[in-house]
1. Taking B:M215 and the conditions (1) in a loop (DSSP other than H, G, I, E, B); (2) in contact with a Pro (Cβ under 6 Å, 6 or more places away or on another chain); (3) more than 26 Å from B:I46 (Cα to Cα), which numbered condition does it fall short on, given that it satisfies the others?
2. Given the structure, is B:T100 outside the structural domain of B:L21 (by TED's automatic domain parsing), among the hydroxyl-bearing types (S, T, Y) and surrounded by fewer than 20 Cβ atoms within 10 Å (Cβ to Cβ)?
3. Would you say A:D181 is in contact with a Cys (Cβ under 9 Å, 6 or more places away or on another chain) and buried (at least 19 other Cβ atoms within 10 Å of the Cβ)?
4. Kindly check whether there is at least one residue in segment B:286-294 that is in contact (Cβ under 8 Å) with a residue 12 or more places away in the chain, in a loop (DSSP other than H, G, I, E, B), under 18 Å from the mean Cα position of the chain (by Cα) and crowded, with 22+ Cβ neighbours inside 10 Å.
5. One residue is enough: does segment A:29-41 have a residue meeting the conditions farther than 27 Å from A:E199 by Cβ, in contact (Cβ under 8 Å) with a residue 12 or more places away in the chain and out of contact with any strand residue (DSSP E or B) (no Cβ under 6 Å at 6 or more places or on another chain)?
6. Being surrounded by fewer than 23 Cβ atoms within 10 Å (Cβ to Cβ) and within 14 Å of chain B (Cβ to nearest Cβ) is the filter here, so list the residues in segment A:201-216 that pass it.
Amino acid sequence: MSYRIIEIEVTEPLPTISLSNKDTGMALILRRKHRPIGFLMEPLSANSQITPENLAQLIAKEAGAKMLQETIREELTALEHQQEDAKTWRDAFPSLTVAICTKDRPENLARCLQSLLNLQVSALKWEILVIDNAPSDERTKELVASYPQVRYVLEPKPGLNFARNCALYSANGELLAYLDDDVVVDRKWLEGLMEAWAENPDAAAFTGLVLPYELVTDAQILFEARGGFRRGFEKIRYGQILPGNPLHPCGAGIFGAGCNMSLRRDFLVKIGGFDEALDTGATLPGGGDLDIFYRVIRAGYPLVYEPKYLVFHQHRREYAQLRRQYWTWGLGFMAFVTKSHQSDPPQRVQLRRLVWWWFKDQLKQLKNSFGNHHVLPPNMILAELWGGIIGILGEYPRSLKRVEKIRSQFS
Amino acid sequence: MSAFVPWKILHIDLSTGIPTLMAEPKYQAIYAVFWWYGIPLGHQEIFAAQLPMPATQLANLALQAIVPAVGDRLFAQGFKQPLPVISPNPARDTHVDFQTLMALKEPLKQLQERCSQPVNGSISVIVCTRNRPEELAICLRSLQNLSPPPQQIIVVDNAPNSDVTQQLVAQFLSIQYILEQRPGLSVARNTGICHSKGDIIAFTDDDVVVHPNWMARLQQGFQDPRVMAVTGLMLPAELETEAQLIFHRGIGGPGWGYRRMTFDPQFFADMKSRGVPVWRIGAGANMAFRRKVFDLVGYFDERLGAGASGCSEDSEFWYRILAEGWCCCYEPSAVIYHYHRRDMDSLKHQAYQYMRGHVAALLVQFAKYKHWGNIRRLLIALPRYYQQRFLQELKTGFQPKQSSLLREIAGCLAGVKYYINNRRVMPFQSVPSRPHITEKTGVGGRVRGVGVKRNSCRK
């Protein structure tokens, strides 16, 4: 199975889409004047043709409301003459450090770096850091050496959050934009971040939209069909409460994804950086982003989700990898909950409720899956559920011990 | 009650710019209503913990809130508010056409043009009141600000204890005072109708403030000749007490939204077997009628309404309009601000009255048309609803002081009893002061010529 990903700019004449004999569907990324406004996946037979008329119908159904919203936004903006303000906003944007944490994936890293270097960044103070995390060879170092604009930092202690903290203490920028090496940034990525910053000068963290880089295997299509990393096309400012969600901010998964997030450096330093016992690499490859988002809100700062701050993520290609990813979601989530339960007593009741809700929700999904009412097959959901069970049974304390051992090895 | 922190109601007209919201230590939340040149388009609830909020963020919230209402007004298809039916007819609304969307320029400006089309026809405003001169004074002052002014404003003083209301009305030169000694809101309204001269007769209550454009916007709802009744949006005037918030959240709460709805014979037919939810059409504090509808379907049933069954004289009247093949239109740009009851006891009493009136109206509707849906609602839907609510309240810890559940159930039973006691009473009593009303329309029963009216409605 393979879906073709097609970008559509709605303000331009719509194309006729002809699928090849290998395509089994298409995924549309919809934009209006560069701003992402919608995403849709459509299973189709090979060699199908989509006329502009059919396409127009699909788009109007998927993103009609959003298109109207953008038209109104334009009118209001023109009214308030915010164009002039936009320039001053740009001036107010702080110095930026982009930090890519990587381990033994120079091809991915090269792609990510290239997308960053293609951005138009006139009059912006920024630096790009590559944190090479416990590499098994010199390939990453050699690759970075070929880019004079990119700074190489080695973090020998294995673990993503070790690498993220290493970036924190090596960075010069006031704002730190973290990227995973398996993403490619969108051409409006930086503008999106600037816009979010300008609109929310008091926020401590920013997250963005994550869309698929490719949909060439069953596993990738399945992952994206279940929602992938998408968090919608509306700007959201998360504060101390979230109307309609009594478990806020414990349900930190909705805020965004760690593969595309920015945080203020002074804030990170103040709260002591990332928790190195989460996102530790192979043993506990998750929970680190949940934990940092949760701590942003608990420290009293807004966290902002901006759809224009967009990256494309290369999902796991193999079924086994995907199943493992769901397993790590369950594991990381429960490790985060256990940790917060320990470190944040006022939220204990909420966190316990969240665990209860999570298990109920997983069982419901499992039931739907067995009844064929779910995108995912039961074994994927079981993997997540199993990860959750392992997670709640002392994964965080085990991870603390492991991390302590790593620290002593390298000190 | 002392622990209750009030809500602030904030009206933001987007045409005058979007403010930055500062912290509000005295309020637990802001109820922000977004307008465009006096057209209400949506609202958002913003809690104190979300403040301060930069203007850009408020703009995002406003945009998300107003899109459906703007789309509803600009496009023939798409963004329509679904009617309160069990299984919506998918053919009623599809999504908007892509080319139309792309051709759209300056939607808000267009909206303003569409909403400011001139209206013609004379209009009479009737306010029925009883022993509430302070509230009435505020209401009358707001009526003086109506633009354009109505042809006639009538205050019907209903079985007053004193002449305070009469003296108050005397201070307003343009307002006509009528005394109706027989108690009952329906009686007072019928008396008001008999003294009115306008082609369109609008009603409001004494505990509201009307928006300056209220009447002109109500009139715009009558463009379609099939429309016999128009209702409008009721916004809270204040949310200062817990009782007001509960009322707002519950009975009067979500209101009816910011999109137009036309309740037509199709809607009636869809819901006839389950009990047509006519109470979702609007509120008696904000409604208007074509004069001729009173000749077509009769007057308000004097057994129903405040001072008699308790309430639902308005919805029962809409029921007749729909049953006879005409339409009702909900026009949200016609805005009034309602002062909800401030204390819990009056709120509970109101809940009791509402259910008593509602059940009595169901029985009246059944008696008149033999539509079994009314009985179905009474015997199946309402008991099921209260059973679910009872279980829900047990789960969250039943608080008899907070809950109006028992009062509501008592109200339902009282409604049955009330109907049985009054089933033989004429729904409308012709009195000498109503010379032009004939027996034919007065009975409001099986009015002759129904077939003709149905035809005229379907054209």
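1. (1)
2. yes
3. yes
4. No - not one qualifying residue is present in segment B:286-294.
5. Checking segment A:29-41: not a single residue is farther than 27 Å from A:E199 by Cβ, in contact (Cβ under 8 Å) with a residue 12 or more places away in the chain and out of contact with any strand residue (DSSP E or B) (no Cβ under 6 Å at 6 or more places or on another chain).
6. Hits for segment A:201-216 are A:P201, A:D202.
For (1) under 26 Å from B:D205 (Cβ atoms); (2) under 20 Å from the mean Cα position of the chain (by Cα), each residue gets a yes or a no:
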| site | (1), (2) |
| --- | --- |
| B:Y337 | yes, yes |
| B:D345 | yes, no |
| B:Y386 | no, no |
| B:F390 | no, no |
| B:E393 | no, no |
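Let's see how each residue does on (1) of a type in the set (G, A, S); (2) without any contact (Cβ under 8 Å) to a residue 60 or more places away in the chain; (3) touching a helix residue (DSSP H, G or I) at 6+ places or on another chain (Cβ under 8 Å):
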| residue | (1), (2), (3) |
| --- | --- |
| B:T20 | no, yes, yes |
| B:A59 | yes, yes, yes |
| B:Q77 | no, yes, no |
| B:V96 | no, yes, yes |
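The values are calculated or read from the model by the stated rules, or taken from the named source; none is laboratory data. This structure is a prediction, so every number in the text was calculated from the model and none was measured. Because the Cβ atoms are built from the backbone with ideal geometry, glycine has one as well, and the counts that use them run over all protein chains shown.
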